[in-house]
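What follows is calculated from the coordinates using simple rules that are stated; it is not laboratory data. For clarity, every value in this text was computed on a predicted model and none was experimentally measured. We place every Cβ from the backbone using ideal geometry, glycine too, and count neighbours over all the protein chains shown.
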Amino acid sequence: MMIKKDIKALILDMDGVLWRAYHPIVDLKKVFLKIKEMGLKYAFATNNSTKHISTYLDKLNNFGIPVTEGQIITSSIATAQKLRNEFPEGGSVFIVGEKEMARTFSDFGFSEAEENALAVVVGLDLQLEYEKMAKAATLIRNGAKFIGTNPDLTFPIPGSFAPGAGSFLAFIEAASGVKPEIVGKPQPEMFKQALTQLDSQAGETLVIGDRLETDILGGQTAGCLTGLVLSGVSDRESGENWTPKVDIIAENLDDMIDMISND
C-alpha cells in the first residue's frame, strides 16, 4: 500500500492532467499550493514535441504554477539531450517536426540540414509534406540515425483523434526499412532526466499521467510509483485492469493530491 511518506517528488504529464488545450482541468494554483505545503518537489514531462520550453514556462506561470526551466522536460528536450550526449560537438540533423522543435535542437547545438545529417529526428509535424517524408527515408537508408521523439500514434482533437508522431514514424520506418529509436514515453529516458533534475529516487517519486501506454508504462519501466488521472485519455476500467497494477487512480489531479495528503 502506497503511503504518503513514500512520496517525496512528482513527475507530471501536462496535456490531460493539467489542462485540455488552453483550459485548466482543475484549479491549478490551488493544487500546486497544496503540493508546496506537502513539501513535494515536482517536474513536468510531456511527449508533446511541438512546443519550445519557453512556451511551457509561460503557460505554467500564467496558470499560477511556480516553475523553472529545469523542471520542464519535453520529448524534444530529452531527444536533443540524448543526441548531444552522443555528439558533444553538435552537428546537422534533419527534422520532421514543428518550428519550435527545431528551435529546441538549436539550443543544444544542432542545426537543420538536408544533406550529411547525423540523424533524422521525427516528431509531430502539422505541416508535413510527402517530399519531407521521402527525404527522411532516403537519409536513413543512407546511414543517418533514425530517432523518434515519441511514439504516440494519435493526439486528441475536438470530437476525434488526429495522427500523431507515431503515425509518421510508422510511415518512415516502412519506407526506409529501419526501426526508429524512441526517446519519449514510455521509454524511461525522460523519467531518468526528471529524477536527476529533482535529485529524487524512483521509488519515492510518483509519476502522474492520463495515458496508460505512455505515462504509466514509462513510469513503471523507470521504477517509479504511478498515478492515473481520468481527466484525459484512459478510463477507470482500463486503469484497474492494467498490469502491473497502477498505484493510485483518481478522477483528476486535485483528487489525487487529496488522496495522497490524506493517505
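General observations
- Along the range 99-113 the Karplus relation, 6.51 cos²θ - 1.76 cosθ + 1.60 evaluated at θ = phi - 60°, assigns HN-Hα couplings of 4, 5, 5, 4, 5, 4, 5, 4, 4, 9, x, 10, 9, 7, 7 Hz to successive residues, with x for each Gly and Pro.
- Long-range HN-HN contacts of G148 with modeled amide H, under 5 Å: V122, E181, I182, V183
- Whole-angstrom gap from the range 227-243 to the range 149-206, using each part's C-alpha centre: 18
- Cα-based radius of gyration for the range 4-62, normalised by 2.2 N^0.38 Å, reads 1.18.
- Ranked list, fewest to most other Cβ atoms within 10 Å of each Cβ, for T243, T226, T221: T243, T221, T226
- Top of Y42, Y22, Y56 by mean-square fluctuation, Gaussian network on the chain, Cα under 10 Å: Y22
- Close amide H pairs (under 5 Å, H built 1.01 Å from N) link L12 with A43, F44, A45, I208, residues at least 5 positions away or on another chain.
- Based on Cα contacts under 8 Å between residues 6+ apart, the range 130-248 shows a relative contact order of 18 percent.
- Hydrodynamic estimate: the Kirkwood radius of the range 110-263 over Cα pairs, inserted into Stokes-Einstein at 20 °C and 1.002 mPa s, corresponds to D of 124 µm²/s.
- Relative contact order of the chain, taken over Cα pairs closer than 8 Å and 6 or more residues apart, is 22 percent.
- The chain - Rg over Rh from alpha carbon coordinates, Kirkwood radius: 0.98
- By other beta-carbon atoms within 10 Å, ranking I53, I72, I216 with the fewest at the front produces I53, I72, I216.
- The long axis of helix 75-86 is offset from the longest Cα principal axis of the chain by roughly 60 degrees.
- Put the Cα centre of the range 1-60 next to the Cα centre of the range 79-120 and the gap is 27 Å.
- By the count of neighbouring beta-carbon atoms within 10 Å, fewest first, L28, L153 end up ordered L153, L28.
- For the range 88-121, the list of GluC sites (Glu not before Pro) that fall in a loop by DSSP and count at most 12 other C-beta atoms within 10 angstrom reads E89, E114, E115.
- D (Stokes-Einstein, µm²/s), Kirkwood Cα radius, the range 90-182, 1.567 mPa s at 4 °C: 98
- Percentage, to the nearest whole number, of Cα pairs in the range 196-263 over 17 Å apart: 37
- Considering only alpha-carbon pairs that sit under 8 angstrom and 6 or more positions apart, the relative contact order computed for the range 90-182 is 26 percent.
- 3J(HN,Hα) along the range 232-241: x, 8, 8, 9, 5, 4, 5, x, 6, 8 Hz, from the Karplus curve 6.51 cos²θ - 1.76 cosθ + 1.60 with θ = phi - 60°, whole Hz, x for Gly and Pro.
- Theoretical FRET efficiency, 1/(1+(r/R0)^6), r = Cβ-Cβ of R141 and K99, R0 30 Å, to 0.05: 0.70
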